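Student: Pasting a structure below so you can have a look.
The values are calculated or read from the model by the stated rules, or taken from the named source; none is laboratory data. This is a predicted model, so every value here is computed, not measured. Positions of Cβ are backbone-derived with ideal geometry, glycine not excepted, and every protein chain shown enters the neighbour counts. SASA here: full protein model, heavy atoms, side chains in, ligands and nucleic acids out. Shrake-Rupley method; radii C 1.70, N 1.55, O 1.52, S 1.80 Å.
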Number of protein chains: 2
Amino acid sequence: MGQTIKTAAVQPPPRERILAAARDLFYRHGIRAVGVDAIAEAAATNKMTLYRHFGSKDELISAYLQELAKEGDDLWQRLRDTYPDDPHAQIEAWVQHVEQVLTDCSERGCAMANAAVEMREIDHPARQIIDDYKTRKRDQLVRLFSEAGYGEPEQVADEVFLLFEGARISIQCCSKGPALRVVRMLRSLLADHAPKVEVEALAAKNAVSEREAGTKSSAKSKET
Amino acid sequence: MGQTIKTAAVQPPPRERILAAARDLFYRHGIRAVGVDAIAEAAATNKMTLYRHFGSKDELISAYLQELAKEGDDLWQRLRDTYPDDPHAQIEAWVQHVEQVLTDCSERGCAMANAAVEMREIDHPARQIIDDYKTRKRDQLVRLFSEAGYGEPEQVADEVFLLFEGARISIQCCSKGPALRVVRMLRSLLADHAPKVEVEALAAKNAVSEREAGTKSSAKSKET
DNA sequence: CCACGACGTTACTGGTCAGTAACATAGTGT
DNA sequence: ACACTATGTTACTGACCAGTAACGTCGTGG
C-alpha cells in the first residue's frame, strides 16, 4: 500500500501558494521590486502555472489586494462579533489590534497604502480596490463610534483614521517615535469623545476586555 | 554684436535641469517607474550628461531627496522668520501651509514618504535622508509648540505630525474625505492645547495672519 | 589660435522582466 | 487502457533599463 505517496501531501494547491508567496514578497519588498519568477519560485511552482491562474502580473496584484481587503473585512467583522451589542468593547478591541499591528517588528506599513504609492497610474484596477477598502474602513469607524454614542462620530472617525494611517506610514520612514505613541493618543482621544455617563464604566471594563481580546488575536493581518 | 546668441539663453545649467526633471517625474510617477533616459529627455539633455553629474541613479535619488529636504527646511525657516517671536502666528501660518498642500490638486502625498515606500532596502542611502528629515520635522513641531506655551508640546506635536502624515498618505488612496478635513481637526486640536490666556487673542489674530500668509506662499513645496 | 573642459550623439553591454510556445509528466475518472 | 486536465520544464521573445565607450561639437580662457 501507498506506492503513490504524495510528496508534501498536505501542500495547498498552487493558486493558494502563489497568492501566499506574492503576499509575502509584495509586502516585504514592494510590488514593483518583485518579479513573477521570484513569486513562482517562492511558491514552489513555476511561471507557467502562475500565468495559468493569473493572466498577468496586474491580475495577481489585484487578487493580492482583494485577499488583503477580504481579510481586513473579516477581521473587523470578527472583532464586532466577539463583543455583540457592546460597541465600547469593540472599540477597545480595535485599539488593541492597532497596538499589536504597530508593535509588530515586521510591520512595514499598510500593504494597501504602500500599493497605492507604488501603483500611481490612476486607471490601474488596484486603485479602485484600495480606495473602496479605505473608504469602507473609515465608514466602519464612523458607524462604530456612532453606535457607541459618541458625539460627532464622523469627526472622531476621521481623526482616528488619519492617526492610524499616519502611524503606519511614518513607522516606515521615521524614528518610529510618534507612531508608537499613537495608541496612547487614541485612548485619550476616544476618552474625550466617549459619552460622559459611560466613562467610569468603560474604564472598569477595559481591565476585563484587555485580557480577553489580547490572547485571541493571533491572525497576522496587515490591514486597517 | 551678438553673433553668438545663446539658444534659450536663460536656460539653467544641465545639473539643475536634470534635478528638476527628476523631481517632477519621480514625484508624479514614482522613483522606480521612471528611467534615467526619461529624466534626461525631460531635462532636454542626455544620459551621458546625467551620469557625469550623478554617478548613478541612486545618487540622483539621494540628490533629489536632499533637495526636497532642504526646501522643506527652508520653507519652515521662512515661516518662522516671517513672524519672529510670535509662535502662535507661526503655527497658524503652518496650518495654512498644510491646507494649501492638501488642497493642491496635484498633491500626490509626501515625496519623502513615497520614496520610503518605494525604497524598501534598509541600507539604501535614501532612507537615512528621509528618516533624518522626518525626525527633524517632528522635533521642529515640538519646539514650536513648546515656544507657544502649549501644555505637553511633545504629545501635541506627535498628534499633529501623525495627522498630517495620515492626510498625505490617505489622499492618495482614499476618497480624500478625511484628509480634507484635517485642517479643521488641527485647528480644534491646537485650540484645545493652546495656553488658556491666549485663546481669544489668538482668534483675533487669525483674521489678520490669514490674509498675510495666504498670499505669499507661492513656492511649490511638497514637504512637511 | 589652441587647448581644455563641458556637453551632445550614437551605439553598445549585460541584465532583468513580463509574457508565451512547445513539450513532458502525472493524477483522475471512465 | 484512454482521455482529459493540471502541472512542470525549458527555452524563447521583445521590451526596458542602468551604465559605459568612443567620438564629435562648441564655447571659453589663455
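Student: Please go through region B:46-73 and give me each residue that is in a helix (DSSP H, G or I), more than 15 Å from B:TYR27 (Cα to Cα) and hydroxyl-bearing (Ser, Thr, Tyr), ordered by number.
Tutor: Correct list: B:THR49, B:TYR51.
Student: Hey, could you check region B:49-72 for residues that are more than 9 Å from DNA strand D (Cβ to nearest atom) and small (Gly, Ala, Ser) and say which is farthest from the other protein chains (Cβ to nearest Cβ)?
Tutor: B:ALA63
Student: When you check A:GLY109 against the structure, is it open to solvent by less than 40 Å² (accessible area, probe 1.4 Å) and outside the structural domain of A:ILE18 (by TED's automatic domain parsing), yes or no?
Tutor: Working: open to solvent by less than 40 Å² (accessible area, probe 1.4 Å): yes; outside the structural domain of A:ILE18 (by TED's automatic domain parsing): yes.
Yes; evaluated as a whole, the condition is true for this residue.
Student: Do any residues in region A:166-191 that are more than 8 Å from chain B (Cβ to nearest Cβ) have Cβ atoms under 6 Å from those of residues that are open to solvent by 20 Å² or more (accessible area, probe 1.4 Å), where the two are at least six apart or on different chains, and which pairs are they?
Tutor: What qualifies is A:VAL183/A:GLU99.
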